[in-house]
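Q: Next up is a structure, given as structure tokens.
The values are calculated or read from the model by the stated rules, or taken from the named source; none is laboratory data. Keep in mind that this is a model prediction, so the values were computed, not measured. Here Cβ is always computed from backbone atoms with ideal geometry, including for glycine, and neighbour counts include all displayed protein chains. For accessibility, only protein heavy atoms count, side chains too; no ligands or nucleic acids. Shrake-Rupley method; radii C 1.70, N 1.55, O 1.52, S 1.80 Å.
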Amino acid sequence: MARSSALAALLLLLIATPAYGNGQLLLESEPSGAEVVLDGRVLGRTPLLAAEIPDGSHEVVVRREGYQSGHLTVQVLPDLTTRRQLQLRRLGASGELRVTSEPAGAQVLLDGRPVGRTPLHLRRVAPGDHRVVLRRPGYRDGTRTVRVVADLATVRHVPLGALRAPNVAARPAPKAPAQPPRPRAVRPTERPRQAPVPAIAPKVAAKRLAPPTVVTAPPGAPRRPEVVRPEPVTPRGAMSPVPLVPVRPPAPEPLPWKHMAFYGAMGMFFTLVAGVLWQRREVPAGWQEEKPLARFQPLTPGNGPMAAVECCLHAIRLVQAGEVALGTETMLAAYRQAPTPRMVYNLGLAWHLAGSPLAETAYRTVVRLDPIHREARYNLARLLADAGRPYEALVVYRELVAIAPDDGSAWFNLGTLQARLGLASDAVAALRRARRLLRDDPACRHNLRLARKLAAWWGRVPRSGFKRLLPASR
């Protein structure tokens, strides 16, 4: 009965239409977050959608710390949305300058003032043209005119040319005149020395051939001399070449079967020990948080008038920026212009973030109008679980995975909720499904380990292979 009355109150609130005769003003600035003052009255911060603005001319001031204030005059028309955008300029903007040289280590003069050595990075340089001079001993000075732009980094590389040394040729020292060798007197009983004969290497001597021999044919044969080339003569002490014979390495002996059996048994033993230690390891503490709420569904130009589309987008920006109360009011104004199930879902999500009890009624209205709306069921289950009604949330989650079996976030939240309620076996199955859909998500793997320990996994879940030999975890 209470739910029916709340639904009736929601429908009456949504059907009510605003008064006509006033206009709306949509202000955006770059950067956003600037304070808006309309006719001396502070309205909020950009992006801002101000409703119920009297028609006529208004003075608007947009100001933000560190930027120049923007002034503009806006003409607001009745029953229409006036949109204005403003670009704010920064105060005391500066740029960056990076100077490198070849070779490095050159002194840098910026407008005649030394600022350091290359490679140099100056972070706060006034915008405009500057004269940069690079000096290094032994090299020519490098001069450049660099233009620095605000909020940008300017890079310059200056190669330095080396100075040439004076070409002074060293005079060679005078050489002493060469004297002829004195002849040595030969005694009468002494024989003159002969020049030593160079030794012939064995390989070179082996290549020398004896003179060819002419062999004459026997009588009666045609007289045609035949030249026979003799074999190369091998000098004394030289070894004749011996052909190399390939030597095959000995084949390895096969491993005895006793050794193979021993190594196999040791491998199985260590595998069993590792499995036992893995199952008895410390369990991580605490459950990972559930997956976040489903996002807004903004309107498109084909699903509603342009004013409703802009109003919906602005409401989403306000909620994302933290202005939940103002965003909820803006979303309500957008719904009045385009009352569709999508706008009811967006309004319910805005109320959900604002902590309003009307969020549950809005979600249930969307489910009644569109039974296959996945986002509404998902957010409704999250709302019920957070409100301390886990069994109702469990029913909604089961309906959601029935119509959307590929939703990994729904399976994850369902498994986590079942584990907290003590349904460990069902939780393990749901978290396994979520792990396959979410591609081995770390949070899903963490909760699955906790659910397995809670369910005495080694005693209840089917096992295969050598795991049957392991004892159940404590």
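Q: Could you compute how fast the stretch 265-363 diffuses translationally, taking Rh as the Kirkwood radius over C-alpha pairs and applying Stokes-Einstein at 10 °C with viscosity 1.306 mPa s? Give it in µm² per second.
A: 97 µm²/s
Q: Let me ask something else about it. List the GluC sites (Glu not before Pro) in the stretch 29-129 that DSSP assigns to loop (not H, G, I, E or B) and whose Cβ has at most 14 other Cβ atoms within 10 Å. Which are they?
A: Answer in residue order: 65.
Q: Given 0.36 nm per residue, what is the gain on full extension from residue 277 to residue 259 after removing their alpha carbon distance, in nm?
A: 3.8 nm
Q: A follow-up question, please. Starting with the highest mean, order 360-369, 155-164 by the number of other Cβ atoms within 10 Å, averaged over the residues of each peptide.
A: Answer by packing, highest mean first, reads 360-369, 155-164.
Q: If you don't mind, there's one more thing I want to ask. What's the FRET efficiency of residue 117 with residue 150 using the Cβ-Cβ distance as r and R₀ = 35 Å, to the nearest 0.05?
A: That gives a FRET efficiency of 0.85.
Q: Count charges around residue 146 for me, please; just the other residues with Cβ under 11 Å from its Cβ, Lys/Arg as +1, Asp/Glu as -1.
A: Counting the neighbours of residue 146, the net charge comes to +3.
Q: Summing +1 for each Lys or Arg and -1 for each Asp or Glu, what net charge is found among the other residues whose Cβ lies under 10 Å from the Cβ of residue 28?
A: The answer is +2.
Q: Work through the residues other than residue 411 whose Cβ is under 12 Å from its Cβ and net out their charges, Lys, Arg +1 and Asp, Glu -1.
A: Here the count lands on +1.
Q: If you don't mind, there's one more thing I want to ask. Would you please give the residues with an amide H less than 5 Å from that of residue 288, counting only those at least 5 places away or on a separate chain, with H modeled from the backbone geometry?
A: 447
Q: When the accessible area of the stretch 319-401 is computed with all protein chains present and a 1.4 Å probe, what percentage of it is carbon and sulfur?
A: Taking all protein chains in place, the stretch 319-401 shows 55 percent carbon and sulfur surface.
Q: If you don't mind, another one. Quick one: compute the contact order of the stretch 336-411, relative version, from alpha carbon pairs under 8 angstrom and 6+ residues apart, as a percent.
A: Relative CO of the stretch 336-411 lands at 20 percent.
Q: Report the extension gain between residue 303 and residue 266 in nm, rounded to one decimal, defined as 0.36 nm multiplied by the number of residues separating them, less their alpha carbon distance.
A: So the chain would gain 6.3 nm between residue 303 and residue 266.
Q: Computed over the Cα atoms of the stretch 286-342, what is the ratio Rg over Rh, Rh following Kirkwood?
A: Rg/Rh for the stretch 286-342 comes to 1.10.
Q: With r defined as the distance between the Cβ atoms of residue 369 and residue 69 and R0 fixed at 51 Å, what FRET efficiency is calculated, to the nearest 0.05?
A: 0.60
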